[in-house]
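Below you'll find the structure, written out as structure tokens, and then a few comments.
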Amino acid sequence: MLLKDQLDTLLRMDFYIGHKATGTPRQFAKKMGMSRRMLYHYIKFLKEDFEAPINYSRKQATYQYKSPVKLDIGYKTSLDNTK
């Protein structure tokens, strides 16, 4: 998988988590087009490497941030060399 694809996946996950719109792990994995195992891998990555305060609410059936988060990662497809 290309780094760009991984970044896009993390940004999409951040969107769903930030809007409390993930659904259950099974539903979230389906939205993301991946297995639940891969979903758990990405969530673990966000928690450990980005220190994202993610938890799962059984009552609301969604992943959510415990406190406000702004995941700020990205890339540029080209560099502007003009001055």
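If we keep just the residues of segment 9-59 that are among the acidic types (Asp, Glu) and not in a loop (DSSP other than H, G, I, E, B), which is modelled with the lowest pLDDT?
Asp49
Does at least one position in segment 18-26 carry a residue that is under 13 Å from the mean Cα position of the chain (by Cα), surrounded by 15 or more Cβ atoms within 10 Å (Cβ to Cβ) and within 18 Å of Asp72 (Cβ to Cβ)?
Yes; the residues of segment 18-26 include at least one that is under 13 Å from the mean Cα position of the chain (by Cα), surrounded by 15 or more Cβ atoms within 10 Å (Cβ to Cβ) and within 18 Å of Asp72 (Cβ to Cβ).
The values are calculated or read from the model by the stated rules, or taken from the named source; none is laboratory data. Just so we're clear, the structure is a prediction, and the values are computed from it rather than from any experiment. So basically every Cβ, Gly included, is an ideal-geometry build from the backbone, and we count neighbours across all protein chains shown.
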